[in-house]
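The values are calculated or read from the model by the stated rules, or taken from the named source; none is laboratory data. A quick note: this is a predicted structure, and the numbers were derived from the prediction, not measured. Positions of Cβ are backbone-derived with ideal geometry, glycine not excepted, and every protein chain shown enters the neighbour counts. Accessible surface is based on the protein model in full, side chains and every heavy atom, while ligands, DNA and RNA are left aside. Shrake-Rupley method; radii C 1.70, N 1.55, O 1.52, S 1.80 Å.
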Amino acid sequence: MGITKLAELIRSDVPEALSHKDISDYSGKAIALDTSIVLHQFRAAIPSTLNPLMGLFYRTIGFLEHDIKPVFVFDGKPPEEKRLTLEKRAKNAGWGSPKLSSTESSHIQDCQNLLKLLGVPVVQAPGDAEALCAWLVKKGLVHGVASEDMDTLPFGAAVLIRQFNANKFGEIVEYSLAKLLEKLQITHEEFVDLCILLGCDYCEKITGFGPKRALTLIQKHRTIENIVLHINQQTHPVPEFWKYKEARDLFLGLPETEPPELTWSEPDEEALVQFLCRTKYFKEDRVRNRMERFREVREFRRKEREKARAAGPSKQTHMEDFFKCTRKRTQPLENASSTKRTRSSSEITRPTMDTC
């Protein structure tokens with residue numbers, strides 16, 4: 001899924017394009033989320049005792065607690081160029097067809113209903129969700145895109161956010177497209193050609209090129225057409241009927257849709273209980289308790305903001321304000337397993353803000 005070994009290339013050759021963030025850094029910002037990625041994470045990671053629908057409930061409430069404005073974008077009809085990729089995935093997963101089953105369609109509808117009851121925007125993409133997410137960034141409607149799919153960058157998202165969840169102890173990785181292009185000294189169009197050479201969902205790739213070799217060729221020859229003229233096609237055969245131009249057009253094109261009107265409202269607790277507990281048979285006390293904690297956290301943060309405003313610029317600076325606690329990493333950040341932290345006594349005395 002996404003661009004083969006692009007994250008690896010950026011980590012090794014363009015670390016300046018990476019930054020490590022805290023969930024609080026996105027307070028007050030609108031963030032577009034590729035919903036299929038979020039749901040896949042729940043299906044893969046959450047124990048079978050917890051339905052992905054409930055996971056989506058917890059995750060979204062957590063974002064709202066941090067004053068983040070999530071925008072959930074759903075996939076539309078995939079482009080024809082992606083058909084072979086989807087068929088391969090369906091076959092590997094043991095599915096008969098890459099098309100949505102009635103059960104999956106019903107599940108997506110449930111997710112959309114839940115999000116609307118939580119008061120967050122739901123956007124239906126005409127095609128791939130990551131393309132529309134990137135377009136929302138270009139239009140200035142959202143700050144960035146939260147997705148594990150690296151092809152959000154060739155689609156043109158200025159900010160890609162990975163490992164984005166509502167856990168205040170989570171480590172978030174942010175990619176800057178502008179810094180990436182600047183350090184590589186290539187244009188966005190040349191970057192798209194690089195991603196096609198690395199391997200994408202929309203066409204085959206020339207075999208035998210690793211990420212560093214592909215980057216060197218782009219920096220020297222600038223286009224796929226020029227690269228084809230200068231490589232040894234005996235050792236690096238060009239795919240027959242190679243649809244790299246179609247893939248390029250998909251990355252550089254604009255979604256055929258009108259800009260959505262994004263509005264956020266307060267969650268409707270009674271409607272949520274009706275939907276999750278009366279219709280989907282989740283335990284009511286879990287939903288009620290989480291909503292009560294949500295209100296407590298929001299009230300706590302409101303009072304903290306009032307105190308900060310009242311203190312003004314004369315507020316005394318504490319030693320901890322100068323430093324941000326970090327953990328020693330012995331492996332690449334995105335592959336490191338999460339580590340539990342022990343809460344201080346000050347954290348215990350106030351409403352907890354941990355979420356699923």
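Can you work out ³J(HN,Hα) from phi for every residue in the range 232-247, in order, using Karplus 6.51 cos²θ - 1.76 cosθ + 1.60 and θ = phi - 60°, giving whole Hz and x for Gly and Pro?
My calculation for the range 232-247 gives 7, 6, 6, 8, 10, x, 7, x, 5, 6, 5, 9, 5, 5, 5, 5 Hz in order.
Mind listing the long-range amide H neighbours of residue 172? Cut-off is under 5 Å, sequence gap 5 or more, other chains count too, H placed in the peptide plane at 1.01 Å from N.
Here the answer is 21, since their amide H atoms fall under 5 Å of that of residue 172.
Note down the net charge around residue 5, summing +1 for each Lys or Arg and -1 for each Asp or Glu among other residues with Cβ under 12 Å from its Cβ.
Combined, the nearby Lys, Arg, Asp and Glu give +2.
List the residues, sorted by chain then number, that are 5 or more residues from residue 76 or on another chain and whose placed amide H is less than 5 Å from its amide H.
125, 127, 128, 129
Taking all protein chains together and a probe of 1.4 Å, list 59, 305 from the most accessible to the least accessible.
Largest accessible area first, the list is 305, 59.
What relative contact order, as a whole-number percentage, does the range 182-230 give when Cα pairs under 8 Å and 6 or more residues apart are counted?
39 percent
Which whole-Hz couplings ³J(HN,Hα) result when phi for each residue of the range 144-149 is put into the Karplus expression 6.51 cos²θ - 1.76 cosθ + 1.60, θ = phi - 60°, listed in order with x for Gly and Pro?
Those phi angles translate into x, 10, 9, 6, 8, 8 Hz.
Would you tally the net charge around residue 212, using a Cβ to Cβ cut-off of less than 13 Å, leaving residue 212 out, and scoring K and R as +1, D and E as -1?
+2
Distance check, please: which entries in 77/280; 69/283; 183/212; 69/139; 29/138 exceed 24 angstrom between their Cα atoms?
Cα-Cα > 24 Å for 77/280; 69/283; rest within.
Could you derive backbone 3J(HN,Hα) for the range 107-113 from the dihedral phi with the Karplus parameters 6.51, -1.76 and 1.60 (θ = phi - 60°), listing whole Hz in sequence and x where the residue is Gly or Pro?
Karplus-based 3J(HN,Hα) across the range 107-113 equals 5, 5, 4, 4, 4, 5, 4 Hz.
Residue 144's amide H: which non-local residues (gap 5+, or another chain) put their own amide H closer than 5 Å, with H modeled 1.01 Å from N in plane and none for Pro or chain starts?
Under 5 Å from the amide H of residue 144 lie the amide H atoms of 32, each far enough along the sequence or on another chain.
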